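Structure first, commentary second.
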Amino acid sequence: MMKHDALIQNLMAFLNTSPTAWHAVNNATQQLVQSNFLPLSDKHRWDIQPEQRYVVSRNGSSLCAFITPKHPPKRLRLVASHTDSPALKLKPLPEIRKNHAILLGVEVYGSPLLTSWLNRDLGIAGHIFYKDMHGKVKETLVDFDQYPVVIPQLAIHLDREVNEKGLQLNKQDHLNALAGLEGSWEGSSSFLESLLHETIEFKQILSHDLLLYPLEKARLCGYKNSLLSAYRIDSLASVHAALTAMINQSEPLNDEIKMIVFWDNEEVGSHTAQGADSPFFSQILERIVAGFKGTREDYFCLLNSSSCISVDLAHALHPNYSEKHDPQHQPFLGGGVVLKSNAQQRYATSAQSALPLKMIAAQKHLSLQTFVSKNDIPCGTTIGPLQAAQTGMSTVDIGCGQLSMHACRELMACQDHIDMVNLLSALFHTAHWPEAED
């Protein structure tokens, strides 16, 4: 088990090297392989063995890792989260040249706090498909930080009422990123081609999924470094906690599967080939059951006996906007893991599904806070309700509290992350899953 300081430093390193979902999955896969998880391909046949560790990804941006039990599985302990964050994504043909400037056009991905993206040094990261010098099609992860781009805000002298009426941004016209000046440009290559030429030799860029990201590194702040400030805390802090717990508690159970799943595209609805609405998880579970010579009946019995812990971030009480929270449900930064509930089932938590979590937290002397949205403020959602509806698994939604959710720079308490890792480790380690008797 990592010491607390090392755990937070490891989280910061994970955040700093994971500007996109593809980078996060690549980093997580490397950590799992180093911890003796065997990589699988979802395109090839599997030979699943008892007491073994495996990891598989889908389209480079979703990941599943699992530990098979000693005997045919009767239950699954699943911890799930997502790898994507709200962002600005480059359009397929992003380059715009006008008014002596080189601009990059973007689409809005998810629901970012747009004002937080202004006046910041931004890098470009993602994955690119290209033809190499021999005409072969290849894929590579890229992270361009040598020539930052910026989305400059209109000066207050030209927008006199901005502080009184608030900033009004047109998503089509006002979010183009300034990449350079036409007068300083040499050659006929595009901006992206020039960046890539400094990294690899290629004939042609075929396609890309590229996003802007802030170049500021994660850092500790506040008195005694009690807070962490970074991009993509939502939900890479959850991914890191689940990943760490899985690696810490990698011993197999008797007849239960340990599993983590990190889906992409949660921020845009999850209805993709690598999202929570895809068959990625169900295909993996069926193949595990088949590996133990189980039947379709065994698969359904396994599903209906299993539990899912959906881990995402939660809204901590903002000290300047306390009226935005329900008076009886005000989770504080540093107050422990947050249990999230919603009568409209925007979170999957129920009295029954929350029971094992509450009992294990009490056994480990870990504090649990509760969050319920005010009736006059709509509630967000997670992959939890979608996973529960698709599989019928008992599902509970939890998370660490944070401020500035969906901003370019988010804030959380270090102690909450430590508590989350300890709670998830206990969930994987507990020999007998607590539940109500029939």
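Within region 352-392, being in a loop (DSSP other than H, G, I, E, B) and in contact with a Phe, Trp or Tyr (Cβ under 8 Å, 6 or more places away or on another chain) holds for C379, T381, T382, I383. Filtered by the rule that a residue be part of a loop (DSSP other than H, G, I, E, B) and touching an Asp or Glu at 6+ places or on another chain (Cβ under 9 Å), region 215-250 gives L215, E216, Y231, R232. Cβ-Cβ contacts under 7 Å between residues 6 or more apart (or on different chains), taken from a first residue in region 168-195 that is more than 14 Å from L118 (Cβ to Cβ) to a second residue that is in a loop (DSSP other than H, G, I, E, B) and not polar (S, T, N, Q), are listed as L181/H100; E182/H100; G183/H100. What residue, among those in region 420-438 that are open to solvent by 20 Å² or more (accessible area, probe 1.4 Å) and part of a helix (DSSP H, G or I), is modelled with the highest pLDDT? Applying the filter and picking the extreme gives N422.
For region 42-79, a tally of residues being closer than 21 Å to D312 by Cα and either touching a Gly at 6+ places or on another chain (Cβ under 6 Å) or part of a strand (DSSP E or B) (or both) returns 11. In region 39-89, of all residues being aromatic (F, W, Y) and touching a helix residue (DSSP H, G or I) at 6+ places or on another chain (Cβ under 8 Å), the one that is farthest from I309 (Cα to Cα) corresponds to W46. When region 233-248 is filtered for residues that are touching a helix residue (DSSP H, G or I) at 6+ places or on another chain (Cβ under 8 Å), crowded, with 19+ Cβ neighbours inside 10 Å and not small (G, A, S), the ones remaining, listed by number, are I233, L236, V239, H240, L243, T244, M246, I247.
Of the set (1) in contact with a Gly (Cβ under 7 Å, 6 or more places away or on another chain); (2) under 24 Å from W433 (Cβ atoms); (3) part of a loop (DSSP other than H, G, I, E, B); (4) not charged (D, E, K, R), all apply to T349 but (1). The numbered conditions (1) touching a His at 6+ places or on another chain (Cβ under 8 Å); (2) crowded, with 17+ Cβ neighbours inside 10 Å; (3) of a type outside the set (S, T, N, Q); (4) farther than 20 Å from N16 by Cβ are all true for E182 except (2).
Of all residues in region 269-287, those that are of a type in the set (D, E, K, R) have Cβ atoms under 6 Å from Cβ atoms of residues that are not in a helix (DSSP H, G or I), 6 or more apart or on another chain, in D277/S270; D277/H271; R287/W46.
Within region 9-54, the residues that satisfy the criterion of being aliphatic (A, V, I, L, M) and either open to solvent by 30 Å² or more (accessible area, probe 1.4 Å) or farther than 21 Å from R232 by Cβ (or both) are A13, V33, L38, L40, I48.
The values are calculated or read from the model by the stated rules, or taken from the named source; none is laboratory data. Remember, predicted model here, so these are calculated numbers, not experimental data. Using ideal geometry, Cβ is built from the backbone for each residue, glycine included, and neighbour counts are taken over all protein chains shown. Side chains are part of the model used for accessible areas, which takes the heavy atoms of the whole protein and leaves out ligands, DNA and RNA. Shrake-Rupley method; radii C 1.70, N 1.55, O 1.52, S 1.80 Å.
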